[in-house]
1. Going by the structure shown, is Ser73 of a type in the set (Gly, Ala, Ser) and buried (at least 19 other Cβ atoms within 10 Å of the Cβ)?
2. Any residue that is in contact with a Gly (Cβ under 9 Å, 6 or more places away or on another chain), at pLDDT 90 or above, over 18 Å from Val9 (Cα atoms) and not hydrophobic (A, V, I, L, M, F, W, C) - is there at least one of those in the range 61-76?
3. Exactly one of these conditions fails for Leu36: (1) in contact with a Ser or Thr (Cβ under 9 Å, 6 or more places away or on another chain); (2) buried (at least 19 other Cβ atoms within 10 Å of the Cβ). Give me its number.
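The values are calculated or read from the model by the stated rules, or taken from the named source; none is laboratory data. All values derive from a computational prediction rather than experimental measurement. FYI the Cβ positions are ideal-geometry reconstructions off the backbone, even for glycines, and counts take in every protein chain you see.
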Amino acid sequence: MDKSENAFVIPDEVILSKIYYVRELKMMIDSDLAELYGVETRRLNEQVKRNLLRFPEDFMFQLTDTEFNNLKSQIATSSWGGRRKPPLGFTEHGVLMLSSVLNSESAIKVNIQIMRIFTKVRQLLTNNLSVRKEIGFNRN
């Protein structure tokens, strides 16, 4: 990695702490993504609304009030402030699609890093499942 790439590196732990499980999906919320990309949540959501065809329901969805309240209760250090409605949730594919609507160099680099983290999480889950099967935890 050269110096220009290092300028945009966010610690993996920060990104990992912003990946949630909702509807049995790994996802990230709009305000967390906006923070990582260095844009206002309002701007991120405006770009999404201008490009809705790029975000089918399996890429992006509006969290329900219950889902949002559950997330807030699980994370005591939340900085979600006063919102009029629950956030948008972006699955891995939705996050990937964001790079096509937020076309700054920093957004692209952050997006690449997020995709790498999603891949690591998937590998960890797969490895964990394999180990569980080997030691007999998943008996059918």
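1. No; evaluated as a whole, the condition is false for this residue.
2. yes
3. (1)
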